[in-house]
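Working notes, structure below.
The values are calculated or read from the model by the stated rules, or taken from the named source; none is laboratory data. All of these numbers come straight from a predicted model, not from anything done at the bench. Every residue, glycine among them, receives a Cβ derived from its backbone with ideal geometry; neighbour counts consider all protein chains shown.
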Amino acid sequence: MNMIKVNFIPQETRKSRGSVWQDGFGSLSREAILGILVAGAGVLLFCHVALAGLALVKYAQHTVLQVRWGLMGAQKKVLDDVTSEIKLLHTKMNTLRVVTSQQGVVWARLMNEIADSVPKGVWIRQISFEKSQLVIEGSAVSKDKNEMIIVNNFVSMLKEQAELKKAFIGIDVASIERRDNTALSIADFTLNVKRRAK
């Protein structure tokens, strides 16, 4: 059975039924649509390339920063060592400042008094000032094994010195110990001389 199509709309007002690609879209022609699509694709491609380039730049910057951080590790260690040394020097300077600023203590006279009090058979290895007290380290030697008595005599002589009596109190034997396996009888001692409160 054959069908016949009848169209009663006049020829000049009929709308063709072509595709958008053939006829365009509204007032836009096929060339305009093609241009918009190409421009959109170009914009997307540009954005993609720009983001990829930005990612490469950021990666390069990250790599450079990692290399710099690695190099700074050695420099930081040197800086930390110098800082520690400066802190140690400041501590020593503060201690020295405390010692030199003590009122009423003539340190040269004090050292002379200590030197004059050293009996025969005793020698001083070190004198230091720590935490408001004078620390005297030395050794005593004796053929008769009476070095303990010699150290006690040294302490008694120190207690009679005028400069020591004026600025310090409480001379204590912090430690005394005999050395073993020696031909002579030797004892190492440490004395703590406390600073008198102002």
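Do we have LYS76 as modelled with pLDDT of 75 or more, of a type outside the set (Val, Ile, Thr) and not in a helix (DSSP H, G or I) here? No. The numbered conditions (1) surrounded by 12 or more Cβ atoms within 10 Å (Cβ to Cβ); (2) assigned to a strand (DSSP E or B) are all true for LEU158 except (2).
Within the option set SER139, SER117, being modelled with pLDDT of 90 or more and crowded, with 16+ Cβ neighbours inside 10 Å holds for one residue only, SER139. For segment 139-198, a residue qualifies if it is in contact (Cβ under 8 Å) with a residue 12 or more places away in the chain, over 17 Å from GLU113 (Cα atoms) and aliphatic (A, V, I, L, M), and the qualifying residues are ALA140, VAL141, MET148, ILE150, VAL173, ALA174, ILE176, LEU184, ILE186, ALA187. Under the condition of being under 45 Å from the mean Cα position of the chain (by Cα) and either part of a loop (DSSP other than H, G, I, E, B) or of a type in the set (Lys, Arg) (or both), the residues counted in segment 119-151 number 3.
Within segment 162-182, the only residue that satisfies the criterion of being in a loop (DSSP other than H, G, I, E, B) and touching a strand residue (DSSP E or B) at 6+ places or on another chain (Cβ under 8 Å) is ARG179. Selection of segment 152-176 for residues being over 40 Å from the mean Cα position of the chain (by Cα) and among the charged types (D, E, K, R) yields LYS159, GLU160, GLU163, LYS165, LYS166.
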